[in-house]
Amino acid sequence: MRRKIPVYVISGFLGSGKTTVLLRLIQEYEKMKKTPGIILNELGETNMEAHYFHSHKIKELLNGCICCSIQDDLKETLRHFSVLDADVLFIEGTGVANPNEIKDLLLSPEFLEIYDLQSVIGMADAGNFLEYNSWLSSTSQVRKLLAEQVACSDLLILNKTDLVDERKLKKIEGKIHGMLPDTVPVFRTEYAKIPADILLRKRHKTAAHIQNDGGGTVKQAHHHHHHHHSEINALKIEARAPVNRTLFEKWFERLPEEVLRAKGVITFKGTPGTYEFQYASGKLSLKRMKEPHQYNPAMIVIGEKLKHDELLTSFHSICLNAG
Ligand SMILES: Nc1nc2c(ncn2[C@@H]2O[C@H](COP(=O)(O)OP(=O)(O)OP(=O)(O)O)[C@@H](O)[C@H]2O)c(=O)[nH]1
């Protein structure tokens with residue numbers, strides 16, 4: 001019989017550090033001379049981070065969430081990966097995915113024969129955790145989603161600890177412990193730096209999630225899952241010409257609060273090269289790209305009840321027409 005493929009599921013809210021930890025997981029497997037397979041799911045229609053993964057066995061599932069609208073695509077992809085020569089499979093859901101759905105699929109009779117779920121690695125963003133959990137500054141949709149993502153973790157990484165002080169970290173840990181069983185370890189990290197043996201350990205106890213019907217066949221436990229992200233969506237904005245850098249940065253400072261995340265690739269007037277950028281935890285970071293790439297400058301903006309027309313108009317007028 002073929003050896004089961006170990007699988008890690010990476011979960012966590014928008015911008016919490018899932019891709020950062022995924023790149024660490026890939027590195028660890030490459031050190032062991034093993035070939036990782038990756039399933040990457042994005043809410044937006046384009047993956048603006050494809051250059052991180054160009055030499056890997058990767059399947060991108062775009063424009064929807066594998067926990068609901070494109071779950072059939074995930075099933076198809078899992079069938080396809082099972083015949084490929086990958087030593088391990090990493091699944092990164094969108095920042096609004098309910099990881100229970102992915103977990104249940106992996107534990108269903110069809111995939112239980114092929115895959116061996118090692119761990120659901122949950123990422124929490126210390127920079128935003130209290131705000132996203134507060135009824136004063138967040139919606140019930142976001143709060144429920146966060147709680148579900150945390151509760152489903154086999155390992156919880158409290159990331160971005162550089163963005164908050166010790167007092168706040170203790171408060172966040174208190175909340176997280178209240179959402180998790182005592183057996184689930186919580187680790188503080190910056191840029192998801194965590195020892196490999198802690199990260200890669202098999203933590204998922206499959207038996208806890210399945211029932212044996214006594215006749216030798218394994219039945220999936222029945223969960224009632226909820227989708228808490230119907231109002232969180234993505235918008236692609238193309239930058240048809242190089243933009244004024246100062247105005248570009250100002251545009252991010254003035255974004256409406258419903259914008260939770262953005263990422264993309266941009267060129268600036270009077271500056272050579274192409275820049276990749278990330279907007280997460282309310283902060284914009286820019287980095288000049290070293291390698292040649294295949295992108296037309298554009299960004300994916302993600303948020304709750306985004307006003308598409310307003311964002312498009314403001315971006316085009318501020319960035320393209322002025323300066
Ligand atoms: N300050 C700080 N920034 C971090 C840390 N970890 C990751 N980041 C940055 O936060 C941004 C988002 O990180 P990602 O790893 O892309 O987050 P993600 O969860 O994959 O984001 P989504 O694409 O929204 O799902 C990037 O600019 C990272 O470099 C950290 O510990 N501290």
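Do the conditions hold for E60, that is, is it touching a strand residue (DSSP E or B) at 6+ places or on another chain (Cβ under 6 Å), acidic (D, E) and under 23 Å from M299 (Cβ atoms)? Spelling it out, E60 is indeed touching a strand residue (DSSP E or B) at 6+ places or on another chain (Cβ under 6 Å), acidic (D, E) and under 23 Å from M299 (Cβ atoms).
Out of the residues in the range 302-323 that are surrounded by 14 or more Cβ atoms within 10 Å (Cβ to Cβ), of a type in the set (A, V, I, L, M) and farther than 28 Å from T20 by Cα, which is modelled with the lowest pLDDT? Out of the qualifying residues, it is L320. Condition (residue is within 13 Å of the ligand (Cβ to nearest atom) and surrounded by fewer than 16 Cβ atoms within 10 Å (Cβ to Cβ)) applied to the range 66-82: is it met by at least one residue? Within the range 66-82 (the criterion being within 13 Å of the ligand (Cβ to nearest atom) and surrounded by fewer than 16 Cβ atoms within 10 Å (Cβ to Cβ)), the answer is no, since none of the residues qualifies.
Considering each residue of the range 34-52 in turn, at least one proves to be more than 27 Å from A239 (Cα to Cα), surrounded by fewer than 20 Cβ atoms within 10 Å (Cβ to Cβ), more than 13 Å from the chain's Cα centre (by Cα) and modelled with pLDDT of 90 or more. For the range 115-139, the set of residues classified as surrounded by fewer than 24 Cβ atoms within 10 Å (Cβ to Cβ), assigned to a helix (DSSP H, G or I) and either in contact with a Cys (Cβ under 9 Å, 6 or more places away or on another chain) or touching a residue at least 24 places away in the same chain (Cβ under 8 Å) (or both) consists of L130, Y132, N133, listed by residue number.
When each of M289, M299 is tested for being more than 9 Å from the ligand (Cβ to nearest atom), surrounded by fewer than 19 Cβ atoms within 10 Å (Cβ to Cβ) and not assigned by TED's automatic domain parsing to the domain that holds E131, the lone residue that passes is M289. Exactly one residue out of V83, V88, V120 is modelled with pLDDT under 90, among the hydrophobic types (A, V, I, L, M, F, W, C) and out of contact with any Leu (no Cβ under 6 Å at 6 or more places or on another chain), and it is V83. Identify the single condition in (1) farther than 21 Å from K160 by Cβ; (2) surrounded by 20 or more Cβ atoms within 10 Å (Cβ to Cβ) that R261 does not satisfy, given that it satisfies every other one. Here R261 clears every test but (1). From the list D104, D125, D165, exactly one residue is within 30 Å of E76 (Cβ to Cβ) and either within 14 Å of the ligand (Cβ to nearest atom) or in the same structural domain as T77 (by TED's automatic domain parsing) (or both). Which is it? Every option except D104 fails the conditions. With respect to (1) over 20 Å from L200 (Cα atoms); (2) of a type in the set (D, E); (3) touching a helix residue (DSSP H, G or I) at 6+ places or on another chain (Cβ under 6 Å), the lone exception for E92 is condition (1). Using the structure shown, decide if I10 is near the ligand (Cβ under 9 Å from one of its atoms), in a strand (DSSP E or B) and either farther than 21 Å from D85 by Cα or touching an Asp or Glu at 6+ places or on another chain (Cβ under 9 Å) (or both). It is true that I10 is near the ligand (Cβ under 9 Å from one of its atoms), in a strand (DSSP E or B) and either farther than 21 Å from D85 by Cα or touching an Asp or Glu at 6+ places or on another chain (Cβ under 9 Å) (or both). Across the range 252-283, the number of residues qualifying as assigned to a loop (DSSP other than H, G, I, E, B) and either more than 23 Å from L136 (Cα to Cα) or within 16 Å of the ligand (Cβ to nearest atom) (or both) comes to 11. Scanning the range 28-56 for residues that are away from the ligand (no atom under 14 Å from the Cβ) and over 23 Å from E101 (Cβ atoms) returns E28, Y29, E30, K31, M32, K33, K34, T35, H54, S55, H56. Take the conditions over 20 Å from the mean Cα position of the chain (by Cα) and either buried (at least 16 other Cβ atoms within 10 Å of the Cβ) or part of a helix (DSSP H, G or I) (or both) and apply them to R143. Does it pass? Taking the combined requirement at face value, the residue does not satisfy it.
The values are calculated or read from the model by the stated rules, or taken from the named source; none is laboratory data. What you see is a predicted model; the values in this text were computed from it and never measured. A quick note on method: Cβ atoms are made from the backbone with ideal geometry, for glycine too, and the neighbour counts reach across all protein chains shown.
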